[in-house]
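Values quoted throughout were computed directly from the atomic coordinates according to the rules given, and no laboratory measurement underlies them. The model shown is predicted, which means the values in this text are computed figures rather than measured ones. Glycine gets a Cβ as well: all are built from the backbone with ideal geometry, and neighbour counts include every protein chain shown.
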């Protein structure tokens with residue numbers, strides 16, 4: 001019997017096993033009826049222990065030895081985790097059972113062949129039911145709004161057949177119980193969250209997908225040869241539409257053609273599924289905008305910062321501000337603006353997902369050209385920055401050249417009033433990284449403050465219309481009239497800290513030629529190169545007043 005409305009458990013361990021059990025997950029040991037909602041989903045990392053929210057569901061990727069499992073269970077018990085998921089079969093030794101009972105942590109087994117990423121997506125979908133901006137009491141057709149697993153079970157009861165709800169790309173969004181009544185191809189579809197390629201190809205050759213797009217009613221699909229398994233169970237499918245737009249489809253594994261009554265029930269079910277899909281989409285958009293507004297308020301400081309952090313669940317704790325932005329140093333001016341905006345959105349979405357795995361209480365939002373993350377400081381403050389940089393490096397390695405980006409870590413904000421300053425430091429560092437030459441992609445203000453100050457001085461000089469004066473102005477004028485290289489010579493000498501050999505090599509001239517030019521610099525510019533104040537003034541002008549400097553020449 002399918003429960004509806006408020007009677008259906010939401011985001012509990014029992015709910016997870018009801019919806020994902022028998023196909024993706026099995027209870028290996030422990031109490032599935034532990035009261036309370038699951039507080040979050042966390043991936044275990046033995047090299048960088050994450051901070052767990054209360055009642056966390058932990059994915060133990062790569063944990064397989066009994067001793068390792070027992071030690072992890074005891075650690076999770078101290079942090080009040082609700083369950084640990086391991087790859088099946090789980091070695092249920094006496095030590096493992098005793099550790100699970102002592103910790104009060106249930107052990108779940110992930111079916112062989114099911115990717116961890118697929119399980120993570122399904123679990124996040126289940127755990128997000130009450131966290132997408134929807135009223136928990138709101139219902140559509142007697143079912144909680146946006147709860148696709150509840151809808152799938154309800155439709156399965158109407159049709160007396162296991163069903164899947166899939167998107168336009170044949171990816172499984174939700175599925176009902178009783179999948180063991182279908183066939184191996186259905187199980188393979190759910191384990192991989194995608195219709196297997198060989199079946200997809202046959203369906204496409206039969207014109208099934210064209211029929212779904214063209215017809216409003218159910219389509220009967222005859223059995224497909226399944227190798228050594230014989231034939232698949234027949235299917236009945238129907239497109240899920242919102243007006244002229246196809247949102248996805250419903251697929252039922254059936255013994256034969258449906259009766260007219262059940263065909264009509266499937267047709268009406270498709271309308272209900274469309275409402276839930278639209279509600280999920282709308283709720284996700286609302287939640288994204290709301291989260292972006294809260295993150296923006298927290299980053300800007302002022303009267304609303306404290307309240308924003310409270311609503312984000314980040315109040316009263318030290319925070320780090322992280323930032324990522326597309327590296328547009330190689331971007332051409334005629335690049336497609338829409339493509340750039342799309343890539344920024346892709347980068348922001350990927351960063352938000354990556355950050356949530358780094359810390360379940362983090363918050364991220366795209367603001368302008370930058371996606372910012374707010375992360376609680378864990379452990380000692382001196383380790384927080386390097387740990388955050390490792391997380392950013394891992395993210396940049398993952399996106400690679402597909403989305404070339406730069407990233408920055410701001411100083412820890414011990415109070416909410418320091419968040420705006422930390423964000424300002426992130427912005428300054430990102431600008432340095434995007435303007436400087438070289439391959440550096442991550443930085444902090446501790447390392448790049450000098451370059452940030454130079455850029456800001458350059459902005460100030462440009463705004464005031466400052467031009468080179470004094471010795472530098474005289475050298476520029478001489479170079480322009482005589483096609484000489486005195487400015488280049490001065491710059492190379494200062495950059496080499498007075499090392500004539502290194503300076504001459506940098507501009508590809510003989511040392512004696514360089515010494516002659518250096519004497520001409522002192523004569524023409526009327527500058528005392530032995531005076532540290534005059535050297536500093538010249539160096540500062542060369543760094544700040546770039547617009548007024550001539551292009552270097554290679555002529556003697």
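Okay, here's what the table says:
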{"read-out": "Fully extended contour minus Cα-Cα distance, from residue 505 to residue 346, at 0.36 nm per residue", "value": "52.8 nm"}
{"read-out": "Protection proxy ranking of 60-71, 196-207 - average other beta-carbon atoms within 10 Å, highest first", "value": "60-71, 196-207"}
{"read-out": "Rounded to 5, percent antiparallel among DSSP beta bridges of segment 305-462", "value": "85 percent"}
{"read-out": "Residue 436-residue 361 FRET efficiency (beta carbon distance; Förster radius 35 Å; 0.05 resolution)", "value": "0.60"}
{"read-out": "Gap separating the Cα centres of segment 466-485 and segment 154-208, nearest whole Å", "value": "75 Å"}
{"read-out": "For 482, 354, order by how many other beta-carbon atoms lie within 10 Å, fewest first", "value": "482, 354"}
{"read-out": "Fraction of antiparallel bridges per DSSP, the chain only, in percent to nearest 5", "value": "75 percent"}
{"read-out": "Extension gain (nm, one decimal) between residue 481 and residue 71, 0.36 nm per residue minus Cα-Cα", "value": "139.8 nm"}
{"read-out": "Potential lengthening between residue 353 and residue 271 on full extension [0.36 nm per residue; Cα-Cα distance subtracted]", "value": "26.4 nm"}
{"read-out": "Order of 176, 12, 424 - criterion: other Cβ atoms within 10 Å of each residue's Cβ, fewest first", "value": "424, 12, 176"}
{"read-out": "Residues 170, 120 arranged by fewest to most Cβ contacts within 10 Å", "value": "120, 170"}
{"read-out": "P(r) of segment 434-556 over all Cα-Cα pairs, binned every 10 Å from zero, in whole percent", "value": "12, 40, 35, 13, 1"}
{"read-out": "Acute angle (nearest 10 degrees) that the helix 419-435 long axis makes with the longest principal axis of the chain, alpha-carbon atoms", "value": "70 degrees"}
{"read-out": "Folded to 0 to 90 degrees: helix 148-159 orientation relative to the chain principal axis, Cα", "value": "30 degrees"}
{"read-out": "Angle in degrees between helix 337-358 and the longest Cα principal axis of the chain, rounded to the nearest 10", "value": "70 degrees"}
{"read-out": "Value at 222 nm in deg cm²/dmol, rounded to 500, when DSSP H runs of n ≥ 4 in the chain each add -39,500 (n - 2.57)", "value": "-15500 deg cm²/dmol"}
